[in-house]
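Contents: one structure, followed by commentary.
The values are calculated or read from the model by the stated rules, or taken from the named source; none is laboratory data. Here the structure is a predicted model, which is why all the values come from computation and not from measurement. Cβ coordinates were reconstructed from backbone atoms using ideal geometry, including for glycine residues, and neighbour counts include every protein chain displayed. Note: areas computed on protein heavy atoms with side chains; ligands, DNA, RNA excluded. Shrake-Rupley method; radii C 1.70, N 1.55, O 1.52, S 1.80 Å.
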Amino acid sequence: MYIVRSSNPVFSSLTSSRNRSAYQNPYQQMPYGGQQVQTSDRAMTVDDVIAKTSITLGIIITFAVINFAISTFSPALAVLLTIVGGIGGFITVLVSTFGKKYGSAPVTIIYAVFEGLFVGGVSLLFTGLLGNSLGKNVDAGVMIGQAVLGTIGVFIGMLFVYKTGAVKVTPRFNRILTGCIIGVVVLSVGNVLLYMFTGSNPLTDGGPLAIVFSLVCIVLAALSFLQDFDMADSLVRAGAPSKMAWGVALGLAVTLVWLYTEILRLLSYFRN
């Protein structure tokens, strides 16, 4: 079966530019007596993807709330957990990608824990809640709610686009999207270095350029959902082992967190 290359780092280790049959049907032809023997893991289904993704997102939300609660009595600890969560989540994605741990439930769950701490802290920072009383930031909850609804809306919208075939996930589509995402990463790193040496950060200072950059990131994150859906669909059709649903859940979580963060960042620009 042909699987196109994905720009999502979680899926990239599974894809190649040539035809492949990395996943076989769980009912394989055995050399003894010509009998079909069922392997230890059944084939993955859409229900598996939904269940594993729901568990992953549930863990992220739980630990986001925990970090949120910690900030009410120890803002410094909340900031520390946010940093640990961001770095830990990034390392976990690298382990999943380059350590050939795709489909590992422990890796996905560990990522969800780290990313939950990160999401909770980022929500505090972007809404201005960190270190302030709730009474002074009554609109913070509204901002977070808007970001959540926006993320859900984009997810559902892109799922509809994928199901209707309005946008085809082709090798050319993936090459263009991957190139754009690499460009965004390079610009982001450049912006960080510029801030470190000059104190200027035009891509995140809330100005017109920052707003345009955030909108570009939101569009790229939305288009990344098409790749995620296509990968999940390809694995189901190929009869991949059911444990691979954990890998799909991780990939979807990465895109969802990216989209939520960018929407919240954009809302913070208008709030400030």
(message) Taking all protein chains in place and a 1.4 Å probe, what share, in percent, of the accessible surface of region 201-256 do carbon and sulfur account for?
(response) 70 percent
(request) Convert each backbone phi in region 197-205 into a coupling constant with the Karplus relation 6.51 cos²θ - 1.76 cosθ + 1.60 (shift: θ = phi - 60°), then list the ³J(HN,Hα) values in order as whole Hz, x for Gly and Pro. (result) 9, 10, x, 9, 9, x, 8, 9, 8
(request) Scan region 211-253 for chymotrypsin sites (Phe, Trp or Tyr not before Pro) in coil per DSSP, keeping those whose Cβ has at most 10 other Cβ atoms within 10 Å, and list them by number. (result) none
(request) Please work out whether region 96-219 counts as rounded, prolate or oblate from its C-alpha gyration tensor, where a ≥ b ≥ c are the square roots of the eigenvalues and a/c under 1.5 means rounded, while otherwise a/b larger than b/c means prolate and anything else oblate? (result) rounded
